[in-house]
Amino acid sequence: MKIDRRSFLALAVGGAAGTALTPLPWKLTDDSSIWSQNWPWTPVPEKGENSYAFTSCTLCPGGCGLMVRMVGERAVKIEGLEGHPVNDGGVCVLGLSGLQLLYGSTRVKTPLKRVGKRGQGHWKKISWEAALAEVAEKLGQLRDDNQSHTVACITGSKHGTIPALFKRFMTVYGSPNVMTTPSVGDTLEMALQVMHGVEAQAGYDVENADYILSFGSGLIEGWGAPVRMFRANSAWRENGTKVVQVEPRLSNTAAKSDQWIPINPGTEAALAMGIAHVMMKESLVNNDFVESYTEGYTGWKKMVLDEYAPEKVASITGIDKMVIVKVAREFAGAGKPLALCGRGNGETPGSLAEAMAVHTVNALVGNINQEGGVVAVPIPEYAAWPETGLDNTAQIGMAKDRVDGAGSDAFPLAASLLNRFAAGAMSAKDYPVNALLVSGTNPVYSTPGANDFKKAVEKIPFVVSFSSYMDETAMQADLILPNHVYLERYEDIPVMAGLQKPMVELTQPVVFPMHDTKNAGDAIIELSNAMGGSIGDAFPWESYEACLEETLGDKWDVLSEDGLWEDEAFQPAGWGEAFATASGKFEFMNPDMDLMPSYVPLNLEGNASTFPLLLMPFDSMRLASGFISDPPFVIKAVEDTILKGKDACVEVNPATAKSLGLADGKPATLSTPKGEARVRIYHYHGIMPGVVAIPRGLGHSADDKYMAGKGVNFNELIGPVEDRASGLDMAWGVRAKLAKA
Amino acid sequence: MKEAQGHNKNKKFGMVIDLDKCTGCGACMVACMAENNVPFREDESDKQLGTAWMRVYKMTNGKPFPETEVCYIPRPCMHCEGHGGHSPCVSVCPATATDYDNHTGIVSQIYTRCFGCRYCMAACPYHARVFNWWDPVWPADMEKMLNPDVSVRMRGVVEKCSFCYHRYQRAMEKAYYEERQEIEEDEYQTSCTQACPAGAIAFGDLNNPDHAVHQLVKPDNRHGGRPKNPHAFRLLERLGTNPKVYYLSSREWVIRAGDNYVKNEKTGAGGH
Amino acid sequence: MSTQDDQTHAVSEQETEGPAAPIILFFIIGFAASLVLGWGIFPKLLYSQKHQPINFNHALHVEEVDDGCESCHYFREDGSFSGIPNLESCMECHEDVIGVSEEEEKFVAEFVVPEREVSWLVYSRQPDCVYFSHAPHVIAGKMACVECHGHIGESDHARVYEENRFTGYSRDIWGKNIAGLAKHPWERMKMDDCSKCHVRENVNQGSVQTQKGGCFVCHK
């Protein structure tokens, strides 16, 4: 028998016919479609029991209540807590993206010791014991050499147990150099200190006001507790509250307001004084308050009437005289008018005289400690432990002058002046800074004059970061002792964001710690114990949790149950009792301090011929500008008129852009006396000609590829300008130049 | 099983977005991304390439400084009803991957069914549909935050807003468990509605007189079947897409921007 | 072509001896071989055989518990279905060995003591694009477990889990019968099977495209 080609053909045909009668082809077709519809590399989320875990957000000072949706042990989504007094179910872009910080690639997973050069990013993993022992040894050595005061510490918040533990550590260790991250809240606290004579934060009863006059505050761009302000804004729309926004740029707040008053940048205080002038001249002030409860009114009134006539204010601010008069009359005529200040999201402190000027506008209509007015809200000071003895070294250290000059004769009002730290550390006038501890903040990124700040940090021989993330400051550290992320830890948060009542919230763990991290509170307690002696004695607690529970006392039960403690009984003090100044009254002028509400023009760095434009930052709810970098979701949500490719876009009025020959969407070089950056031009009619606006919160250099290398950090283009009165940074912008790239 | 739908009236889920309240903060976008496993990439500044179900657009009135005005407009899928459920995308899909459900009024998209021809994207006048040009990647431990109620989409398919249909399924599941056949208004809310810090979004059954959305935009015969509220409008209404997303704005220029009007033409004339 | 073909043919005939094998024989060989391959070998190649980590005895458990299936497979308060119990549920009874079976001993030693979740192989696991909820079927539709799952509660051992090497899904979806034939719901659960019942019972037939069930009813 011979096998030929035909036989093969027959075999094949037979095979084909047979195969067609088997399930094989049909089954394989079905399977291949199933396979190609469910690629094995496409992740399939694991199922599990659904539940909610409750906590509070710490990504900004706003203090939103959160409910985290859990599937089994996984946290899958952050949602706003319904019924919470701050956010009632709402939540912002950053808050929603929090899980990307928890699960993302920017985490510092174990204690790290630098092995390469500073900033190179070469690290060696070390154990917690070794890391804490190293810090204890380095700090111990400095102390032995009577150099304890040359150690500085920067914390994020001012209040709560974590900053208090750091401060306590620094005190018993022997250094006065504890600094906190500044904001307009500091300036407002000083204003209350000077004018009311009380230590309090400024609370604003925005919900009950019926006329809002905002001097550049980004009311829906991160100012105060952001979600609360969104809710207030919606309520204003519903109940017809008029909102007047004074700002050189058509911000979102301006766009939502009933009236946008463009103003020459930096002249807001002059407008406030002009409005005060009109109100006083036309006798539109609250006579009861002004006559019975204030001091120095006559002298101040004379000054204002002499110097801030509407015509003059019009020429300073660029606002029509009649508009000034009309706003003053409307404001005074409203039932519960409220003036607000703090530019943008309030992260820059601004001028004290300006904060006082705006506060005075409120005082003139008598809405101090009133419904719909400004309320002096006491700061919850529960984190005060019995003093323990300071040893000799500590006493000597604590007696030294601070490196930032806060509390000195020049700046008696200031408790911390982070803006002066870089210069102080660089010059080493009295003494050098030999070590720096940083917790809960990222000053290398977020301090105006960021490049100078970085240089100052580079000079410090020993830098310890407690950051959870590999941020710009952590990159400059010698040791990183990573904190848990907020979703993994306990921490108390006194909410200081302009609420009308004292409130404390509790951040609670919703997941087990993912990595070998440690609560900064535990780290500092363990560090103290490792150092021993009077330092160890000051930290008798077994753990941070034990410390927290003991410190909060009866608040703990409420907090651990509800996550929130509110001083329900709090009532703003009546005018008779509200003021603890020397006169016992509201003081317009402080005779001791040569300080009064007024317009203090700011001389911007750089000369007008080289830098013909004014550069000012703006805040967007879609960008985080504080210590947190923008997680991928946030970057995804940013408009392409803010970030395009790797370039930040700057807003330029089309008329200005035309005169400079800058086309829309084209790259350009932006320079200021501090630095230079590549940007892209965005023609925007909503910006005053001659002014350039740049988004804040871009230009991170650390973290991962989703966050870093996008746009420019505005803080590298501007330097701090010291307010003579407060010592804080009062810069609102900087001179600049734009040229084709 | 029969009674499950038998006596139910058809629902028509829709959304009303108050543009006077919307602040353009973008929380709706991110709430959507987090809820619906929307992937992200290193560079998300080319908005035509990126995936987003909800997108907030910025509009200006085009006038020079200082007459300029800005309005933000969030844009989910409009879940167009067209005529009898023949929405633009459903009509052109050759794969039966997208569908209109008369019982809920929701336009579905089945990713495993889609083969990526993108006819629907061309047909959609709202740019509500996006194509997955890349396989989704969640770096580090981020796969942990994926929501099991929503399937992850592979490269090469089109996706879009589902009005968080899985939340409807969950709400119904709970209702069945409690031996109810109906759900309350607050039991089914989309992720964007829930997150909106300004409370600008209302969501519910347009057919149900008890629901807020019905109250806000119920059709009025004296207005030619359009909502009585003069501030209410829909995008490109006169194309006949019959969208279920309504907008409210007190500003005339915003309403004009919502459709193509010739000069001097009055708004509010359209509607089918 | 045909000329060339003929020539080749002619040459081959000349070169060989004997008659050519009947074409039909080769056809039959090919036909038969492919039938054997398709019906016999192919299913064996397509599916890999996996064993459950523990040889679970349903019958024994049903005897011991009070509430039948719901004792272990229950609804949670949000209406979701617990499905296969997790270790915690098992440990409510099996914190220590309570019986005499070797499998239980193994279970306690390998899973309970080290607190390791059991990686059960789920026969009925559908692809991720499928949405299925028990509540509308069991509670609203008043269907009994056996209607879909068959008499699994009477089994005294865990049968072999056959995994499709190509797709990674269980053989139960397509069905034991490689031809895709099934008499009972538990023998196959493809999309058409869901659809068939939904059409019959007239549930959720709201689709504009198909005039049948809306896609989102069973897909996600």
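The values are calculated or read from the model by the stated rules, or taken from the named source; none is laboratory data. Note that this is a predicted model, so its numbers are computed, not measured. Neighbour counts run over all protein chains shown; Cβ positions are idealised from the backbone, glycine included.
Quick one: which of A:Glu134, A:Glu221, A:Glu129 is acidic (Asp, Glu) and buried (at least 24 other Cβ atoms within 10 Å of the Cβ)?
A:Glu221
When region C:170-220 is examined, which residues are found to be away from chain B (no Cβ under 13 Å), in contact with a strand residue (DSSP E or B) (Cβ under 8 Å, 6 or more places away or on another chain) and not in a helix (DSSP H, G or I)?
Result: C:Ser170, single match.
Is it the case that some residue within region A:137-150 is surrounded by 18 or more Cβ atoms within 10 Å (Cβ to Cβ), among the aliphatic types (A, V, I, L, M) and out of contact with any Lys or Arg (no Cβ under 7 Å at 6 or more places or on another chain)?
yes
When you look at C:Val122, is it in contact (Cβ under 8 Å) with a residue 40 or more places away in the chain, surrounded by fewer than 15 Cβ atoms within 10 Å (Cβ to Cβ) and either touching a strand residue (DSSP E or B) at 6+ places or on another chain (Cβ under 7 Å) or within 14 Å of another protein chain (Cβ to nearest Cβ) (or both), yes or no?
yes
What residue, of A:Gly665, A:Gly719, is surrounded by fewer than 21 Cβ atoms within 10 Å (Cβ to Cβ) and part of a loop (DSSP other than H, G, I, E, B)?
A:Gly665
So is A:Ile681 within 11 Å of another protein chain (Cβ to nearest Cβ), hydrophobic (A, V, I, L, M, F, W, C) and crowded, with 18+ Cβ neighbours inside 10 Å or not?
Against the criterion (within 11 Å of another protein chain (Cβ to nearest Cβ), hydrophobic (A, V, I, L, M, F, W, C) and crowded, with 18+ Cβ neighbours inside 10 Å), A:Ile681 does not qualify.
Looking at B:Met78 and the list (1) modelled with pLDDT of 95 or more; (2) under 19 Å from A:Ile642 (Cβ atoms), which single condition is not satisfied?
(2)
With respect to the numbered conditions (1) more than 30 Å from A:Trp260 (Cα to Cα); (2) assigned to a loop (DSSP other than H, G, I, E, B), which one is the sole condition not fulfilled by B:Glu67?
Among (1) more than 30 Å from A:Trp260 (Cα to Cα); (2) assigned to a loop (DSSP other than H, G, I, E, B), B:Glu67 violates only (1).
Wholly within region A:250-297, which helices (runs of 4 or more DSSP H) include no fewer than the required count, namely at least 1 residues that are at pLDDT 95 or above and not assigned by TED's automatic domain parsing to the domain that holds A:His359?
Passing ranges: none, list empty.
Mind telling me which of the residues B:Ser249, B:Ser191 ends up being among the small types (Gly, Ala, Ser) and under 17 Å from the mean Cα position of the chain (by Cα)?
Within the list B:Ser249, B:Ser191, the selection yields B:Ser191.
Before we move on, is A:Val115 of a type outside the set (Gly, Ala, Ser), modelled with pLDDT of 95 or more and buried (at least 24 other Cβ atoms within 10 Å of the Cβ)?
Answer is no for this residue.
Any idea which of (1) within 18 Å of A:Trp39 (Cα to Cα); (2) surrounded by fewer than 23 Cβ atoms within 10 Å (Cβ to Cβ); (3) away from chain C (no Cβ under 11 Å) is the one B:Arg113 doesn't satisfy?
With (1) within 18 Å of A:Trp39 (Cα to Cα); (2) surrounded by fewer than 23 Cβ atoms within 10 Å (Cβ to Cβ); (3) away from chain C (no Cβ under 11 Å) applied to B:Arg113, the lone miss is (3).
Every residue, every condition in (1) aliphatic (A, V, I, L, M); (2) touching a Gly at 6+ places or on another chain (Cβ under 7 Å); (3) crowded, with 18+ Cβ neighbours inside 10 Å; (4) at pLDDT below 95, yes or no:
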position	(1), (2), (3), (4)
C:Phe166	no, no, no, yes
C:Trp174	no, yes, yes, yes
C:Glu187	no, yes, no, yes
C:Asp192	no, no, no, yes
C:Lys196	no, no, no, yes
C:Asn204	no, yes, yes, yes
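Please pick out the residue among A:Lys336, A:Lys400 that is in contact with a His (Cβ under 7 Å, 6 or more places away or on another chain) and surrounded by fewer than 23 Cβ atoms within 10 Å (Cβ to Cβ).
Unique residue meeting the criteria: A:Lys400.
Applying the selection to region C:66-80, what residues are assigned to a loop (DSSP other than H, G, I, E, B) and either away from every other protein chain (no Cβ under 14 Å) or farther than 20 Å from B:Glu173 by Cβ (or both)?
Of everything in region C:66-80, those that are assigned to a loop (DSSP other than H, G, I, E, B) and either away from every other protein chain (no Cβ under 14 Å) or farther than 20 Å from B:Glu173 by Cβ (or both) turn out to be C:Asp66, C:Asp67, C:Cys72.
Residues of region A:458-498 being part of a helix (DSSP H, G or I) and touching a helix residue (DSSP H, G or I) at 6+ places or on another chain (Cβ under 6 Å), which ones?
A:Glu472, A:Thr473, A:Leu487
I'd like to check something: does region A:490-498 contain any residue that is over 24 Å from A:Glu381 (Cβ atoms) and in contact with a strand residue (DSSP E or B) (Cβ under 8 Å, 6 or more places away or on another chain)?
Taking every residue of region A:490-498 in turn, none turns out to be over 24 Å from A:Glu381 (Cβ atoms) and in contact with a strand residue (DSSP E or B) (Cβ under 8 Å, 6 or more places away or on another chain).
Can you tell me which of A:Leu59, A:Leu9, A:Leu21, A:Leu66 is in contact with a helix residue (DSSP H, G or I) (Cβ under 6 Å, 6 or more places away or on another chain) and either on the phi < 0 side of the Ramachandran plot or surrounded by 15 or more Cβ atoms within 10 Å (Cβ to Cβ) (or both)?
Only one candidate qualifies: A:Leu59.
Are any residues in region B:192-224 part of a helix (DSSP H, G or I), hydrophobic (A, V, I, L, M, F, W, C) and within 14 Å of chain A (Cβ to nearest Cβ), and if so, which ones?
Passing the criteria: B:Cys192, B:Ala195, B:Ala212, B:Leu216.
Consider region B:53-65. How many of its residues are surrounded by 15 or more Cβ atoms within 10 Å (Cβ to Cβ) and either among the acidic types (Asp, Glu) or more than 7 Å from chain A (Cβ to nearest Cβ) (or both)?
6
Check off (1) assigned to a loop (DSSP other than H, G, I, E, B); (2) in contact with a strand residue (DSSP E or B) (Cβ under 8 Å, 6 or more places away or on another chain) for B:Gln181 and give me the number that stays unchecked.
It is condition (2) that B:Gln181 fails.
Could you check how many residues of region A:1-43 are facing another protein chain (nearest Cβ under 7 Å) and more than 20 Å from C:Gln126 (Cβ to Cβ)?
Going through region A:1-43 one residue at a time, the tally reaches 19.
Among the residues of region C:22-65, which ones are surrounded by fewer than 16 Cβ atoms within 10 Å (Cβ to Cβ), out of contact with any Gly (no Cβ under 8 Å at 6 or more places or on another chain) and within 14 Å of chain A (Cβ to nearest Cβ)?
The answer is C:Pro22, C:Ile24, C:Leu25, C:Val36, C:Gly40, C:Ile41, C:Lys44, C:Leu45, C:Ser48.
Going by the conditions given, is A:Ala53 more than 7 Å from chain C (Cβ to nearest Cβ), touching a residue at least 24 places away in the same chain (Cβ under 8 Å), of a type in the set (A, V, I, L, M) and surrounded by fewer than 20 Cβ atoms within 10 Å (Cβ to Cβ)?
Yes: the conditions hold for A:Ala53.
Output the number of the condition that A:Ala328 fails; it satisfies all remaining conditions of (1) in a loop (DSSP other than H, G, I, E, B); (2) in contact with a helix residue (DSSP H, G or I) (Cβ under 6 Å, 6 or more places away or on another chain); (3) under 29 Å from A:Asp594 (Cα atoms); (4) small (Gly, Ala, Ser).
Here A:Ala328 clears every test but (1).
Which one of the conditions (1) touching a strand residue (DSSP E or B) at 6+ places or on another chain (Cβ under 9 Å); (2) surrounded by 20 or more Cβ atoms within 10 Å (Cβ to Cβ); (3) of a type outside the set (Phe, Trp, Tyr); (4) closer than 28 Å to B:Arg75 by Cα does B:Met172 fail to meet, given that it meets all the rest?
Among (1) touching a strand residue (DSSP E or B) at 6+ places or on another chain (Cβ under 9 Å); (2) surrounded by 20 or more Cβ atoms within 10 Å (Cβ to Cβ); (3) of a type outside the set (Phe, Trp, Tyr); (4) closer than 28 Å to B:Arg75 by Cα, the lone unmet condition for B:Met172 is (1).
For region B:51-94, name all the residues that are basic (Lys, Arg) and in contact with a Gly (Cβ under 7 Å, 6 or more places away or on another chain).
B:Lys58
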